[in-house]
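We did not get these values from a lab; they are worked out from the coordinates using the rules stated. Here the structure is a predicted model, which is why all the values come from computation and not from measurement. Positions of Cβ are generated from backbone atoms using ideal geometry, with glycine treated the same way; all protein chains shown enter the neighbour counts.
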Amino acid sequence: MIVVIVHVEVRPENINAFIRATTENHLESVKEPGNLRFDVLRNDAEPTRFALYEAYVSKEKAAAHKKTAHYLKWRETVAPWMAAPREGIPYTAIVPEL
């Protein structure tokens, strides 16, 4: 299993629009073959900071996500709302094993 945690900092005036666009991306992402989780998290102490927790059965399925129409739409839509470039960090799951 591969997990990618994407850290995003959003400009305060774009938070609600970011949440709407990211929710749409989530709803389509969880339908993808090989997707195990796609969680959208918000930092309690710093409400402009978000994390996306994405789990896939393989690196190939994670890579395929980045070619989907909904991901490409999300990426283009939210880019101007970010206060800093997003950072995606891949992890290999140790437990649970698939």
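Scan Lys67, Lys73 and give me the residue that is basic (Lys, Arg) and either in contact with a Phe, Trp or Tyr (Cβ under 8 Å, 6 or more places away or on another chain) or more than 26 Å from Glu13 (Cα to Cα) (or both).
One residue alone meets the criteria, Lys67.
Reported count of residues in region 76-98, each being without any contact (Cβ under 8 Å) to a residue 60 or more places away in the chain and over 20 Å from Val8 (Cβ atoms), is 2.
Consider region 23-40 and keep the residues that are among the polar types (S, T, N, Q) and touching an Asp or Glu at 6+ places or on another chain (Cβ under 8 Å). The one that is surrounded by the fewest Cβ atoms within 10 Å (Cβ to Cβ) is Asn35. Considering only region 30-45, state which residues are farther than 14 Å from Val6 by Cα and in contact (Cβ under 8 Å) with a residue 12 or more places away in the chain. Result: Glu32, Pro33, Gly34, Asn35, Leu36. For residues that are more than 11 Å from the chain's Cα centre (by Cα) and acidic (Asp, Glu), scanning just region 28-53, find the one that is farthest from Asn14 (Cα to Cα). Among them, the one singled out is Glu32. Filtered by the rule that a residue be under 17 Å from Val78 (Cβ atoms) and in a strand (DSSP E or B), region 32-52 gives Phe38, Asp39, Val40, Leu41, Arg42, Arg49, Phe50, Ala51, Leu52.
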